[in-house]
Amino acid sequence: MSNWQQFLAEQGAQYIEGQVIAFHETMADYPDLTNTISDLSHQGILSVSGADARKFLQGQSTCDLLALAQGASSPGAICNPKGRMLTSFQAHINAEDEILLAMDRALITPTLTAIAKYAAFFKTVLTDGSADYCQLGITGPLASEALIALFPSIPAPSHSVTDSAGNLLTCLATGLFVVIVKADHAQQMWRQLTLHLRPTGLPWWHLQMIRAGIASVTAPLSEQFVPQMLNLQAIGGVSFRKGCYTGQEVVARMQYLGKLKRRTYIVNAASDTATDASSLPSPGAEIKTVTDGKVVGTVLQAAPANASGFAMLAILREAALDQTELLIADQKVTVSFADLPYEIGTQ
């Protein structure tokens, strides 16, 4: 165990395969949870620094990083030449010459390998900064009250603020925050925030991201989907005006020629078997129709919603939307579809 993991264990963290799944909360507690803090060790940090950091990333990412001012934050993706996402990320402007890309920790090394060959032509340095930071997910209507004691202000969605020690607070959506805290400050930050916020496991955080409609590329999903399939254009993660980047032609063609047949939906499912995190469908699991077993979608992320059901983000074909039951990872479940908290379209 790392020092951080050992610290969280002393605070009551329960681990499965290196991830904090709970602080003694159960699925039955979920409907009543609010004002929470979760460890996001499943995410890593790719640091891109140097005089040409933004210029370099502008040619590699779907979002317009040159247009971001200090204090702005943006989702985005890095694609292969076929327009399939190697990874998605949340970009944080850490300094004028440094951008932090928060992404699935397992995709840091593959992403570095894929884009490093282009970095040789720019004054920029790519570094796996995952060990230098801890990431905390914070939710709830009273989250701002806990955070304002530590940060100079509370950012609006898609914006960040920095404290005097250089720790970043970013707002992903209303009531949904991420703190990127320097590793040597993390324990103190946790202690201060847990005076007001209840510690919860990663499944609870995943549920909040699902309800916010914020999908991300994890290792099982890398190089499978174009950005629009994850609704990335609807949350400001794709610019269609910025110019060329790797995979741009395919992404633009998908947008303007109307060939997109699948996109991300919020799905609520009732099941007698998927009542804890270990029994949930994994990212990449197939979704099929019950009647003929036809594949109509892919699970992006699932999380418990209560003791007898779960929610998930899934890429689906329209044929799935009139179904009341689906086979998810070969388990028949009753499903319904929730509205996304944003409009599908371009930004």
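Which of the pairs Lys242/Lys288; Lys82/Lys182; Lys117/Lys259; Lys117/Lys288; Lys55/Lys261; Lys55/Lys82 have their Cα atoms more than 29 Å apart in this structure?
Lys242/Lys288; Lys82/Lys182; Lys117/Lys259; Lys117/Lys288; Lys55/Lys261
About the Cα centre, and with charges only on the beta carbon of Lys, Arg (+1) and Asp, Glu (-1), how big is the dipole of the chain? Nearest 20 debye, please.
With Lys and Arg at +1 and Asp and Glu at -1, about 1160 debye.
Would you work out which of Leu101, Val295, Leu280 lies farthest towards the positive end of the dipole of the chain, given +1 charges on the beta-carbon of Lys and Arg and -1 on that of Asp and Glu, about the Cα centre?
In the chain, that residue is Val295.
Relative to the Cα centre, what is the charge dipole magnitude of the range 194-283, using +1 at the beta carbon of each Lys and Arg, -1 at the beta carbon of each Asp and Glu, and rounding to the nearest 20 debye?
I would put it at about 460 debye.
How much accessible surface area, in Å² rounded to 10, belongs to the heavy atoms of Val335 with a 1.4 Å probe?
10 Å²
Net charge around Pro31, counting only other residues with Cβ within less than 15 Å of its Cβ (Lys, Arg = +1; Asp, Glu = -1)?
Around Pro31, the charge tally is -1.
Using Cα centres only, tell me the gap between the range 109-125 and the range 185-236 in whole Å.
26 Å
Any idea which of Gln248, Leu112, Gln135 is furthest toward the positive side of the dipole for the chain, if Lys and Arg beta-carbons carry +1 and Asp and Glu beta-carbons -1?
Gln248
Work from the charge dipole of the chain (Cβ charges, +1 for Lys and Arg, -1 for Asp and Glu, about the Cα centre) and give the residue of Val181, His24, His196 farthest towards its positive end.
Farthest towards the positive pole: Val181.
State whether the range 194-347 is rounded, prolate or oblate according to the following rule on the C-alpha gyration tensor (a ≥ b ≥ c being the square roots of its eigenvalues): a/c under 1.5 gives rounded; otherwise a/b larger than b/c gives prolate, and the remaining case gives oblate.
oblate
Give, as a single signed number, the net charge of other residues whose beta carbon lies under 15 Å from the beta carbon of Trp205, with Lys and Arg counted +1 and Asp and Glu -1.
-1
May I ask for the distance between the Cα centers of the range 309-347 and the range 242-258, given as a whole number of Å?
For the range 309-347 versus the range 242-258, the Cα centre distance is 26 Å.
Based on DSSP loop calls and a cut-off of at most 15 other Cβ atoms within 10 Å, the longest stretch of the chain free of exposed GluC sites (Glu not before Pro) is what?
Within the chain, the longest run free of exposed GluC sites (Glu not before Pro) spans 97-222.
For the chain, what does -39500 (n - 2.57) per DSSP helix run (n ≥ 4), summed and divided by total residues, give at 222 nm, in deg cm²/dmol to the nearest 500?
-4500 deg cm²/dmol
Give me the net charge of Thr298's neighbourhood, meaning all other residues with Cβ under 9 Å from the Cβ of Thr298; Lys, Arg count +1, Asp, Glu -1.
0
Report the trypsin sites (Lys or Arg not before Pro) located in the range 167-246 that are in a DSSP loop and have at most 15 other Cβ atoms inside 10 Å of their Cβ, or state none.
Taking the range 167-246 and a limit of 15 other Cβ atoms within 10 Å, the loop trypsin sites (Lys or Arg not before Pro) found are Arg241.
Out of the DSSP beta bridges found with both residues in the chain, what percent are antiparallel (nearest 5)?
95 percent
Given a 1.4 angstrom probe, I'd like the percentage of the accessible area of the chain that is carbon and sulfur, rounded to a whole number.
50 percent
Using heavy-atom solvent-accessible surface (probe 1.4 Å) with all chains present, what is the largest-first order of Lys123, Lys332?
If we order Lys123, Lys332 from most to least accessible, we get Lys123, Lys332.
The values are calculated or read from the model by the stated rules, or taken from the named source; none is laboratory data. Since the structure is predicted, the reported quantities are computational estimates derived from the model, not experimental observations. Because the Cβ atoms are built from the backbone with ideal geometry, glycine has one as well, and the counts that use them run over all protein chains shown. For the accessible areas, the whole protein counts, side chains as well, though only heavy atoms, and no ligand, DNA or RNA atoms are used. Shrake-Rupley method; radii C 1.70, N 1.55, O 1.52, S 1.80 Å.
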